[in-house]
Amino acid sequence: MSRISRRAFLVASSAFAGALALSGPALAQDYAESPMLESAVSAGDLPPVAERLPANPLVITPLERVGQQGGDWNHALVGGGSLSMLVRYQGYEPLVRFTPDWSGIEENVAESYSVSDDSTEYTITLREGHKWSDGAPFTTADVQFWYDAYFMDAETSLGGNSFWYTEGEPGQLEVVDEQTFKVKFTAPNGFFLQQLAWAQQDQLTRTPKHYLEQFHIRYNPDADQLAKDEGLESWIPLFQREIGMLDDNTFFQNSDRPTLNAWYFESAPGQSTEQAIALRNPYYFKVDTAGTQLPYFDRIVYQMVADPEVLLLKTLQGEIDIMDQYIATPANKPVLFDGQEAGNYGFYTLKESAANVMVFQLNLNHTDPVKNELFNTKEFRQALSLAVDRQALIEAVFVGQGSPAHASIQEGDPLYNEQLAKQFTEYDPDKANAMLDEIIPEKDSEGYRLDSEGRRVSIIFEIDQARSTFLDMFELALPMFQDVGIDAQMRTMDRSLWETRVRRGREFDATAHQFGANSGVAAMLDARYFVPFNSNALYAPGWSLYYTEPDNPDAIEPPAEVKAQQELYKRLLATGDEAKQNELMAELLQNAADQFLTFGVSLPPDGYGVVKNDVVNLMDTMPNSFGWPTPGPARPEQFFKD
């Protein structure tokens, strides 16, 4: 089994360094047919495996040993709206991907790539004969379609893709032939490939032209009628639904759209209340060193469970093959440890890369002008931070593992900033009260503070109900806020409603989340708590939209210091020079410390996951991240069971 150090997987990979390539001719050219597909091949409903693979399939060296095709990967999804988890299990197939140890990037869907010396031109070559899951060719025509029909189309684009811009100008796509295309930028874009490798950021491998063009008016004059038949006003919302870039729920609930992934949905989440089933992709482009087409598992069977408690029970009963999300908490560790023999499972280690265990985020773009002014008062946020007894939260929820800190870089890293990590983390309710007395001194008969309009200062934190550690922390934190005169409350909800109200909303008071990154290139790519630049900066949705679409009517122009921070971040992402990257990142972190946009609880301790004893080829130690979507880069296609 593979063990790695924290530094190994957080090392920044240079855009100029070649990928750790595994592609090349398969060692065995007589590919064995999958038993699951033999009848379809015999009946002439499916071509033989040699005709389904690209001319140069990607050869994967299994972690422990070559496996065999067949069987089910028994999995689960919690609640109705957390389909972003599917990126981790079956949805990580960008052009280039992070290596299993997170030490660099390597070719994946792309057969090869090259970068100009100044990082302004990228040449990417696809695999000849690569096909979508329905057998249609995957070529540069699909790339061109994404660029024309979505990315550059003002009617259909849903924004994002900020890494495709330099100096405010989008990269120019140049198609050379059916397999080769170039992306040219007006200025250096040193992180472009790493951005493509980041989870769910590469949309080029998720846009099948032959399927989607029927929903776009330029490609099908009858697209409006199709929309009306679906009960929609026009072709635009229909196309946006079918392309699925709005959010992961929309994307993964479509079982009709062809995919390049190892498995495609026969029954997508939402089509059944009990389970979702994904089947092996007959045209998947990877083989093992023995010439066996991957994936090994024939199916992924996701049980749809209501909450983490049900998931924990199913795990203890041995019904789940691999799981760390939602149940692998410090509080559950003793229970899971005691249940190993009965459940026939063991543990793997997760090297934590998140910036914090939980980050409190007030909505700095609130639609209520009074709340907006108060929340944008830095001293108000600092006072709330002083009101939190972080050590009490750490002791109760994380069994004493951790130390008080905000979202920050881990200590010992060259970019560590003590002010960013530690300021206002001491528990000092007297000082918090004194600071609040300067800002909102008036109180009602119950001792709660009043705002400038004479209303009780109430902050409702809207939380994804599946995040059990968040709920536990808030049970302790809410009375702490109340003790300094803030009427703090918690509203829990299903992830799908949370996504609507928080990630895509403006009227919520506050929320909390985790992720981000605490070291290396990961922190540069996921700087959500240091600068508002995408929808993960939940504290500033309007400012984040301004970063990519300043002319969008929903964008909000940030204050001068935040706007300067956004420009600095663009400079960071543009450079391919590692020393300059570190210099700019250090400046970004210092600015973030001075601005104090959010406040956290603790840098996270290393975590764990549960794996059935018969599962083969899963790393026993791996990063825990969404950008490196655990366990996606560890190649689930080569997992199997004895």
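The values are calculated or read from the model by the stated rules, or taken from the named source; none is laboratory data. Computed from a predicted structure; not experimentally measured. As a convention, Cβ positions derive from the backbone with ideal geometry for all residues, glycine included, and neighbour counts pool all protein chains shown. Please note that ligands, DNA and RNA were not included when accessible areas were found on the heavy atoms of the full protein model with its side chains. Shrake-Rupley method; radii C 1.70, N 1.55, O 1.52, S 1.80 Å.
Ignoring any ligand, DNA or RNA, what whole percent of the accessible area of the chain comes from carbon and sulfur when the probe is 1.4 angstrom? So the carbon and sulfur contribution to the accessible surface is 47 percent.
Distance between the modelled labels on L450 and E233, one decimal in nanometres: 4.3 nm (7 Å Cα→Cβ projection).
The H on the amide N of S625, modeled in the peptide plane, is under 5 Å from the matching H of T630, each at least 5 residues off or on a different chain. In order along the stretch 534-540, phi translates into HN-Hα couplings of 8, 5, 6, 7, 5, 6, 8 Hz, rounded to whole numbers, per the Karplus curve 6.51 cos²θ - 1.76 cosθ + 1.60 with θ = phi - 60° and x for Gly and Pro.
Convex hull volume of the C-alpha atoms in the stretch 65-211, normalised per residue: 165 Å³. 3J(HN,Hα) along the stretch 111-120: 6, 7, 8, 9, 10, 5, 4, 9, 6, 9 Hz, from the Karplus curve 6.51 cos²θ - 1.76 cosθ + 1.60 with θ = phi - 60°, whole Hz, x for Gly and Pro. Considering every alpha-carbon pair of the stretch 490-615, the percent of pairs per 10 Å bin, from zero through the bin containing the longest distance, is 11, 37, 32, 14, 5, 1. The local environment of Q423, defined by Cβ-Cβ distances under 14 Å, has a net charge of 0 under the rule Lys, Arg +1 and Asp, Glu -1.
Show which aspartates and glutamates lie in cross-link reach of K184 when reach means a straight Cα distance below 12 angstrom and same-chain residues fewer than eight apart are skipped. Leaving aside aspartates and glutamates fewer than 8 places away in the same chain, those within reach of K184 are D118, E121, E169, E174. Within a straight-line Cα-Cα reach of under 16 Å, K351 can be paired with the following aspartates and glutamates, leaving aside sequence neighbours fewer than 8 residues apart in one chain: D101, D324, E411, D413, D606, D620.
Fully extending the segment from T186 to D594, taken as 0.36 nm per residue of separation minus the present Cα-Cα distance, adds 143.7 nm. Spin-label point model (7 Å from Cα, Cβ direction): what's the N536 to E411 distance in nm? For N536 paired with E411, the spin-label model returns 2.5 nm.
First measure r as the distance between the Cβ atoms of A579 and T500, then evaluate 1/(1 + (r/R0)^6) with R0 = 51 Å and state the FRET efficiency to the nearest 0.05. That pair, A579 with T500, gives E of 0.75. Peptides 372-378, 99-105 ranked from most to least packed, by the mean per-residue count of other Cβ atoms within 10 Å: 99-105, 372-378.
Taking every alpha-carbon pair in the stretch 277-374 and binning the separations at 10 Å intervals from zero gives 11, 26, 25, 22, 11, 5, 1 percent. Extents of the chain, taken as max minus min of Cα coordinates on every principal axis and listed largest first, are 80, 58, 54 Å. Distances between placed amide hydrogens fall under 5 Å for A32 paired with Q293, all partners being 5 or more residues away or on another chain.
Summarising the label geometry, the points placed 7 Å from Cα in the beta-carbon direction at D45 and A586 lie 6.3 nm from one another. Close amide H pairs (under 5 Å, H built 1.01 Å from N) link E155 with no residue at least 5 positions away or on another chain. Converting phi to 3J(HN,Hα) with the Karplus coefficients 6.51, -1.76 and 1.60 and the offset θ = phi - 60°, the stretch 588-598 yields 4, 5, 5, 4, 4, 4, 5, 7, 6, 6, 9 Hz in sequence order, with x at every glycine or proline. Relative protection proxy for 184-195, 565-576, from highest mean packing down: 184-195, 565-576 (other beta-carbon atoms within 10 angstrom).
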